[in-house]
Amino acid sequence: MSRSLLAVFTGFSLIATLSVGTDMVLRMAVPSLFEVDGSTTSAPILLLTIAYVGLYATLGCYLAARMAPSAPMRHALVLGVLGLAFNVAGAVSIWTQYPVWYHVMSLLLVMVWAWLGGRMREQEAPQPSSRTLIV
């Protein structure tokens, strides 16, 4: 149980650290595209945000699946559900600061990123052999 919690926590921490860090760098790099509160209505910036958060979420879910003691996809999807809960809470709290399409896309893609991360791990994990060698 503790290895499972550590796997999910580590994946979550990776996603949060990379996302917040990239947000900060982006705001410092092009401050003219952001409001004082940090929000933006720039479609290219919002699409870029969805893309890099998606990349980080996929990597974080992959990491959780990689660290999982068993059932890697389950761990990736548990992290996805946790991420979805945080994203719903975040979207509700900042609903008026961003366009509706941004919130909808972000929420719809959370579980896709989680599944992709889990799938990446499943594809690299050794597959059970259909033939058993008896010695």
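Looking only at region 3-21, decide whether some residue is more than 27 Å from residue 104 (Cβ to Cβ), polar (S, T, N, Q) and surrounded by 12 or more Cβ atoms within 10 Å (Cβ to Cβ).
The answer is yes, given that some residue of region 3-21 is more than 27 Å from residue 104 (Cβ to Cβ), polar (S, T, N, Q) and surrounded by 12 or more Cβ atoms within 10 Å (Cβ to Cβ).
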### Query
Which residue pairs have Cβ atoms closer than 6 Å, lie 6 or more positions apart in sequence or on different chains, and pair a first residue in region 111-124 that is more than 17 Å from residue 7 (Cα to Cα) with a second residue that is at pLDDT 95 or above and among the small types (Gly, Ala, Ser)?
111/80
## Note on the structure
Here the residues within region 5-31 that are over 17 Å from the mean Cα position of the chain (by Cα) and touching a residue at least 12 places away in the same chain (Cβ under 8 Å) are 26, 30
### Message
Can you pull out every residue in region 32-43 that is over 13 Å from residue 94 (Cβ atoms), surrounded by 11 or more Cβ atoms within 10 Å (Cβ to Cβ) and either over 21 Å from the mean Cα position of the chain (by Cα) or not hydrophobic (A, V, I, L, M, F, W, C) (or both)?
### Response
33, 34, 42
### Message
Looking for something within 21 Å of residue 74 (Cβ to Cβ), aliphatic (A, V, I, L, M) and not in a helix (DSSP H, G or I) - is there at least one such residue anywhere in region 9-22?
### Response
no
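The values are calculated or read from the model by the stated rules, or taken from the named source; none is laboratory data. Note that the coordinates shown come from a computational prediction; the quantities given were computed from them, not determined experimentally. When we count neighbours, we look across all protein chains shown, and the Cβ atoms used for this are built from the backbone with ideal geometry, even at glycine.
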